[in-house]
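Notes follow the structure.
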Amino acid sequence: MPSSPLPIVVLISGSGSNLQAIIDAIGTLQLNAEIKAVISNKAGVKGLERAEKAGIPTRVLQHTDFDSREAFDQALAGLIDDFNPRLVILAGFMRILSEDFVTHYMGRMLNIHPSLLPDFTGLNTHQRVLDAGRSQHGVSVHFVTNELDSGPLVIQAVIDINPEDTADSLAERIHQQEHIIYPTSIQWFAEGRLCWKDNQAWLDDKPIRVPPRWQNGQLIYKPDVT
Ligand code: GAR
């Protein structure tokens, strides 16, 4: 019997193209999940429009209405938990999260970050990768822990940087990769293939030591490499 869809809540701050990829993957049955709500810390962003168009409940919780990060995060957790998700998805949610918030969702919150972590945490990753003269760039999905843009990796996508690439072209090419690997990761979680145990990410009953890599249209995964 097919299992019931994984209940998720998606947090956004902006355009929501990753949210759209998740909506589309659910629509084409590649992802067995149900988006219970989309929550934004900014009003009027395109991601909210995308959610409304797909008939998904939306909420706006503006951090500017709160006196402290902790107060905002506490209200946010209350809002999320009203929807009872099994997994929280950070999809361009541009906030540093407080320790209590992260601890509350440990092992059930994923983030996507546009770099080959652990390199280039933080902002403006595309320009910084170019400035550093790198030949490759990428994007990482990881479980969220208390270090910014860090935590056990789930999957990475890798692209070669071309001489004509700019920060904008890299952003576009990285987005294309994000839209493949984020729905894939969530589907692994929905199937029970991906989980959190002993403070580690596990895939197919093995701790992820070297994360699977999506490169040139292929998934490369060698779980036994340490
Ligand atoms: C994505 O590129 C995501 O990797 C990045 O924000 C963008 C959101 O795009 N996230 C971070 O930088 C987190 N540190 P989207 O709103 O179109 O999904």
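Here is how the numbers come out for the structure above:
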| item | result |
| --- | --- |
| Per-residue ³J(HN,Hα) for segment 30-39, Karplus 6.51 cos²θ - 1.76 cosθ + 1.60, θ = phi - 60°, Hz, x for Gly and Pro | 7, 10, 8, 9, 10, 7, 6, 6, 10, 10 |
| Alpha carbon centroid spacing (whole Å) that separates segment 6-54 from segment 179-226 | 22 Å |
| Nonlocal Lys pairs with alpha-carbon distance under 20 Å, the chain (8 or more apart, or different chains) | 6 |
| Helix-only mean residue ellipticity at 222 nm for the chain, each DSSP H run of n ≥ 4 adding -39500 (n - 2.57), per residue, nearest 500 | -9500 deg cm²/dmol |
| Cα gyration tensor shape of segment 1-142, rounded if a/c is under 1.5, else prolate or oblate by comparing a/b with b/c | oblate |
| Loop-resident sites, segment 40-91, for trypsin sites (Lys or Arg not before Pro), counting at most 15 other Cβ within 10 Å (DSSP) | Arg86 |
| Rel. contact order, % - alpha carbon contacts under 8 angstrom, at least six apart, the chain | 18 percent |
| Segment 110-226, relative contact order in percent, only Cα pairs under 8 angstrom and at least six apart counted | 22 percent |
| Carbon/sulfur fraction of accessible area - the chain, other protein chains in place, 1.4 Å, % | 48 percent |
| Segment 53-70 - phi-based ³J(HN,Hα) in whole Hz, Karplus 6.51/-1.76/1.60, Gly and Pro as x | 4, 8, x, 9, x, 10, 9, 10, 10, 8, 5, 5, 7, 10, 7, 9, 4, 4 |
| Heavy-atom accessible area per residue - the chain, 1.4 Å, Å² | 50 Å² |
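The values are calculated or read from the model by the stated rules, or taken from the named source; none is laboratory data. This one's a predicted model, so the numbers in the text were calculated from it and none came from an experiment. Backbone-built Cβ (ideal geometry, glycine too); neighbour counts: all protein chains shown. Note: areas computed on protein heavy atoms with side chains; ligands, DNA, RNA excluded. Shrake-Rupley method; radii C 1.70, N 1.55, O 1.52, S 1.80 Å.
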